[in-house]
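What follows is a single structure, written as structure tokens, with notes after it.
The values are calculated or read from the model by the stated rules, or taken from the named source; none is laboratory data. The structure displayed is predicted, hence computed values, not measured ones. All Cβ positions, glycine included, derive from the backbone under ideal geometry; neighbour counts span all protein chains shown. Note: accessible area is taken over every heavy atom of the protein model, side chains too, but ligands, DNA and RNA are not part of it. Shrake-Rupley method; radii C 1.70, N 1.55, O 1.52, S 1.80 Å.
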Amino acid sequence: GGDQNTFGYPGNGWVAWNWKANGGTTSTISVGDVSSGVPSIASTVQANTTAGFSIVTYTGNGSAGSTVGHGLSQTPDMVITKSRNATHYWIVQHVGLSAVTENLYLQTTNSEQPDSQYTALSSTTLTVNGGSVNGNTTTYVSYCFHSVEGYSKFGSFTGNGSTDGTFVYLGFRPAWIMTKSTASTSNWEMFDNKREGYNVDNDALWANTNAAEKTANQIDFVSNGFKLRIATDPNVAETFIYMAFAESPFKYANAR
């Protein structure tokens, strides 16, 4: 479906990446952390606990420090939240940021920002603090992920500013990777194994822009991770976060 001017317009090339949640089956989590004085927000959750992925919807209450159940079996490594009925940034929390109170914004090139949208993540809940994730009567959707051995990994690496670039160990050959610098303005760069399908897997798309894919030789997908092949982003000498998913996750073949 979709308007032909945005999806499937004749003559244009398109790519889509999809994550399997729970086949449309939802559950309601009405109580977050059972702690005296900590307000909870009911959430509706589609969770694929095997794949470490859940889709969470909720309505904010405007009370800082409220908890929202995320439906996963362990603490998320990455959370992407967007308001649905108000104008707010795409808020990104990631295990590779310097603190849980730091955030990135999916639609901008900004470095990490100390805006305390979240104050804690746990094995059961997100503690929502700021107006971009907990405005009173504002509705939200959150996409929550955690690493699953052999299937996905979320972490950080330090670039070396060389064409003989940093190698990042994943424990699997990746099918899809996204990177972002935490220290400076840079794009959210996405690479996959379908548009090229061989090394150098160099056609980056940027999540924060509507630009066409880039053709610089940036990255190799290898059997156990990825290797940077460029002296500039995403391999300048600073910290980058990444999210990565496996090409052949045999143990979790139906997880994506």
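Summing charges over all other residues whose Cβ lies under 13 Å from the Cβ of residue 161, with Lys and Arg as +1 and Asp and Glu as -1, gives -2. Between residue 49 and residue 85, the contour length at 0.36 nm per residue exceeds the alpha carbon distance by 10.2 nm. Within the chain, antiparallel bridges make up roughly 95 percent of the DSSP beta bridges whose residues both belong there.
Residues of the range 67-107 with an amide N closer than 15 Å to a point placed 7 Å from the Cα of residue 28 along the Cα-to-Cβ direction: 69.
Place a label point 7 angstrom from the Cα of residue 139 along the Cα-to-Cβ direction, then list the residues of the range 56-79 whose backbone nitrogen is under 17 Å away. Inside the label zone: 56-62. Between residue 57 and residue 38, the distance separating the two model label sites (each 7 Å from Cα on the Cα→Cβ line) works out to 2.6 nm. Computed over the chain, the range of Cα coordinates on each principal axis works out to 54, 39, 39 Å, biggest value leading. Rolled with a 1.4 Å probe across the full set of protein chains, the surface gives residue 229 an accessible area near 90 Å². You can think of it this way: the chain between residue 149 and residue 12 has 45.7 nm of extra reach, that is 0.36 nm per residue less the Cα-Cα gap.
Rounded, prolate or oblate for the range 51-122? Axes are the square roots of the Cα gyration tensor eigenvalues, ordered a ≥ b ≥ c, and the cut-off for rounded is a/c under 1.5. Note, shape of the range 51-122 comes out rounded.
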